[in-house]
2 protein chains.
Amino acid sequence: MISIQQMQYILSVNDNRHYQRASEACFVTQPTLSMQIKKAEDELGYLIFDRSTNPLTLTVFGEKLIVIIRDILVEIEKIPKLIKTMNGTYTEHLRVGIIPTISAYLVSDMFDKWKISLPNIQLTIEEMKSDELLIALERKELDLAIMAGPHNQTNLRTIPLFKEEIKAYLPTVLSETILTNELTELHPWLLSKGNCLRTQMIHFCGLGNDFNGGWNYEGGNLELLLRMVDVKGGYTLVPNEYLRVLKLDESKCKRIYSTESKEIPAREIISLFPNRTIKWDSIEKVIRGIQLNYGKDDSDKNLQVLNWQ
Amino acid sequence: MISIQQMQYILSVNDNRHYQRASEACFVTQPTLSMQIKKAEDELGYLIFDRSTNPLTLTVFGEKLIVIIRDILVEIEKIPKLIKTMNGTYTEHLRVGIIPTISAYLVSDMFDKWKISLPNIQLTIEEMKSDELLIALERKELDLAIMAGPHNQTNLRTIPLFKEEIKAYLPTVLSETILTNELTELHPWLLSKGNCLRTQMIHFCGLGNDFNGGWNYEGGNLELLLRMVDVKGGYTLVPNEYLRVLKLDESKCKRIYSTESKEIPAREIISLFPNRTIKWDSIEKVIRGIQLNYGKDDSDKNLQVLNWQ
DNA sequence: GAAATCATATAAATATTATCTATTACTTTA
DNA sequence: TAAAGTAATAGATAATATTTATATGATTTC
């Protein structure tokens, strides 16, 4: 049977797509990798890498093997974790990435609660845009990503956190609610490109894909947009929880109703993390904490979850 | 880092609780095990086995390590499975154990469907009592057990399959339903000890734990009990699906209502299998097949699930 | 309580395996 | 076509695993 070391060598060659660099990453010489991987291939009866391409690629067999090897190595990592836990020297470093329009309220809401439920964990929270989160997860630079759904990527596990109503911020109208066709007559203020809330806005307000807001200021920051609305008129969209922490004048924040249906717009907040992870215990606590804190009375509302992709 | 071979040695000593027998099982000599396990213990920094007892036992660390090692070895087993799958020589042998009062109808109902959804799998179905199923799972003699719930054993994974109403078979009364307090006046006919449906009967009919039915015939077979009811009077309890395959006179099968509540008695059918298993794909198909076939319109009934433990 | 038995540990020799340095073979690029 | 880059191979060496033989230590037996 193929050894653990061989698995690590295979993974290193896969990551580096290069024997020499892979061997340096493993602190051995290049022939060692050549021989060990060749030995593994002989034993398994299939080639793992296709050396005829440059840079080298995985064979069909190799693709499937890598998935299994990754899982095995995550399982094996539980042994040093167990030892450190028994020694009392285990401190986990959990790296969480969150999109700005969520982190704006979520981090301040949850900070103290996480501190209690994760007493011995070093927590790093980073604001990133949705696509950056996915890349960082892939590169194993993050352990957990929190963003807006929906999302379907088979190599990542998804757990929904809560649904959040999206309201309109427009001070001019007096009524407490507003219909979608009323909004189309007003100027929308948008977040800059890359923010998924911008895409949701465009979809929801029916602005079309070719919308490039030349006449419009595009803020990177929701609070700036709110000020623009105050000064210049028009409207912008605000997630309900965000609105709460900003302590805005409630009379300016209106529930939106679709002209066609009885639905009100919302976004779904989801968590993403690798299928197998040694940090599951901590991730679970983070997720449960969020679910408990925000997942209260959504079910009674008739929420229509917006897509941002 | 501890090697795969060392893990297998550790597992073998744990299974055999004896170095010599363990070494034979691994086809090596006893000093090999002694040295390798000592080496692993040195490297991990904790003793795995307590040699001062006879037979030897696991240390606290060892207990935790064994759980991890088992998971690792299940993951590693996916590699030879992948190779066989690619060779086209992989045939899985799925061993399913079912309690008799379920298998009586479930096997004939599901057989053709399983044949379609699991074309390349060798399926062995065995009838066993509930406690025998648990032992067989523990000994890895079974891959999947189907029995009545509820059940909570942390080392096994549980997936509920469906709920099944339990009816009374008594030809004498004319009405279509019967109340629990009417049953207490009649003779119950019971399955022999070890059948969980017997325990459910005793609980449900309020017969008490000290009931030993000296005056009563205890059949190992439900059909025999039904015949006794026909000949001698009294009543027996029949799971609803069983009743269907026996093609009994429907007028003799009565829905039971609790005297106190509006509930009708039922049993929950569950599946049990190891937390980690290489045969998950097949197990899932078996489970989904059963759920699809029986999990239809339970939700409208007010079922009270009976405990058998 | 000494002898026998059983169970694991240790020692030294041997076999196996992994890794290294040095070199070769092959491919791509200039 | 030479130069550079990359992986494979050969042979030597180091590291590791396994074996046989024996020691140690604990129970059981007479």
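Neighbouring Cβ atoms from other chains, within 10 Å of the Cβ of residues in A:37-44, number 1 on average. Loop-located trypsin sites (Lys or Arg not before Pro) across the stretch A:104-152 with a Cβ neighbour count of 11 or fewer within 10 Å are A:139, A:140, with loop assigned by DSSP. When only the Cβ of Lys, Arg, Asp and Glu is charged (+1, +1, -1, -1), the dipole of the stretch A:52-158 relative to its Cα centre reaches about 300 debye. From least to most packed, judged by other beta carbons within 10 angstrom and beginning with the fewest, B:96, B:74 follow the order B:74, B:96.
Please identify the longest segment of chain A free of exposed GluC sites (Glu not before Pro), where exposed means a DSSP state other than H, G, I, E or B and no more than 15 other Cβ atoms within 10 Å. Excluding the exposed sites themselves, the longest stretch runs over A:1-140. Build a GNM of chain B with springs between Cα atoms under 10 Å apart, and of B:275, B:221, B:16 the one that fluctuates most is B:16. Residues whose amide H comes within less than 5 Å of that of residue B:127, counting only those at least five positions distant or on another chain, are B:98 (H built at 1.01 Å from N in the peptide plane).
For chain B, the equivalent ellipsoid built from the Cα gyration tensor has semi-axes of 47, 23, 16 Å, listed from largest to smallest.
Centre-to-centre, using Cα atoms only, the stretch A:225-262 and the stretch A:1-29 are separated by 54 Å. With contacts taken as Cα pairs under 8 Å at a separation of at least 6 residues, chain B carries a relative contact order of 21 percent.
Expressed per residue, the C-alpha convex hull volume of the stretch A:125-174 stands at 122 Å³. Neighbouring Cβ atoms from other chains, within 10 Å of the Cβ of residues in B:69-76, number 6 on average.
Taking Cα centre as origin and charging only the Cβ of basic (Lys, Arg, +1) and acidic (Asp, Glu, -1) residues, the dipole magnitude of chain A rounds to 540 debye.
The HN-Hα couplings worked out from phi for the stretch A:222-238 by the Karplus form 6.51 cos²θ - 1.76 cosθ + 1.60 (θ = phi - 60°) are 4, 5, 5, 5, 4, 5, 4, 4, 4, 7, 9, x, x, 8, 9, 9, 10 Hz, whole numbers, x standing for Gly and Pro. Shown in residue order for the stretch B:40-45 are the 3J(HN,Hα) couplings computed by the Karplus curve 6.51 cos²θ - 1.76 cosθ + 1.60 at θ = phi - 60°: 4, 5, 4, 5, 6, x Hz (x for Gly and Pro). Each of B:288, B:95 was scored by other Cβ atoms within 10 Å of its Cβ. Arranged with the fewest first, they read B:288, B:95. Mean sequence separation of contacting Cα pairs (under 8 Å, at least six apart), scaled by the length of the stretch B:4-76, corresponds to a relative contact order of 27 percent.
When chain B is treated as a Gaussian network with alpha carbon springs shorter than 10 Å, the biggest mean-square fluctuation among B:26, B:253, B:196 belongs to B:26. Normalising the Debye intensity of the stretch A:56-122 to I(0), with uniform scatterers on Cα atoms only, and taking log10 at q = 0.12, 0.18, 0.26 Å⁻¹ returns -0.60, -0.86, -1.09.
Pairs spanning more than 25 Å between alpha-carbon atoms, out of A:279/B:163; B:81/B:163; A:81/B:78; A:285/B:38; A:38/B:64; A:232/A:252: A:279/B:163; B:81/B:163; A:285/B:38; A:38/B:64. Rounded to the nearest whole angstrom, the semi-axes of the ellipsoid equivalent to the stretch A:4-76, taken from the Cα gyration tensor as √(5λ), stand at 16, 15, 12, largest first. For the stretch B:14-19, backbone phi angles converted through the Karplus equation (6.51, -1.76, 1.60; θ = phi - 60°) give residue-by-residue couplings of 5, 5, 8, 6, 6, 5 Hz, Gly and Pro being listed as x. The H on the amide N of residue B:162, modeled in the peptide plane, is under 5 Å from the matching H of B:269, each at least 5 residues off or on a different chain. Near residue B:92, the amide H atoms lying under 5 Å from its own belong to B:122; only residues 5 or more places off or on other chains count, and H is placed 1.01 Å from N. The separation of the stretch B:45-73 from the stretch B:178-193, counted between C-alpha centres, amounts to 50 Å. The trypsin sites (Lys or Arg not before Pro) of the stretch B:26-69 that meet both conditions, a loop assignment by DSSP and at most 16 other Cβ atoms within 10 Å of the site Cβ, are B:51. Taking the protein assembly as shown as the region of interest, what is the percent of Cα-Cα pairs per 20 angstrom bin, listed from the shortest bin to the one with the maximum distance? In whole percents, the pair-distance histogram is 15, 34, 35, 15, 1.
The overall shape of the stretch A:243-285, judged from the alpha-carbon gyration tensor, is oblate: a/c is not under 1.5, and a/b is no greater than b/c. The chymotrypsin sites (Phe, Trp or Tyr not before Pro) found in the stretch B:13-62 that occupy coil by DSSP, while having at most 16 further C-beta atoms within 10 Å, are B:27.
Laboratory data are not the source of any read-out in this text; all were calculated from the coordinates shown. This one's a predicted model, so the numbers in the text were calculated from it and none came from an experiment. Every residue, glycine among them, receives a Cβ derived from its backbone with ideal geometry; neighbour counts consider all protein chains shown.
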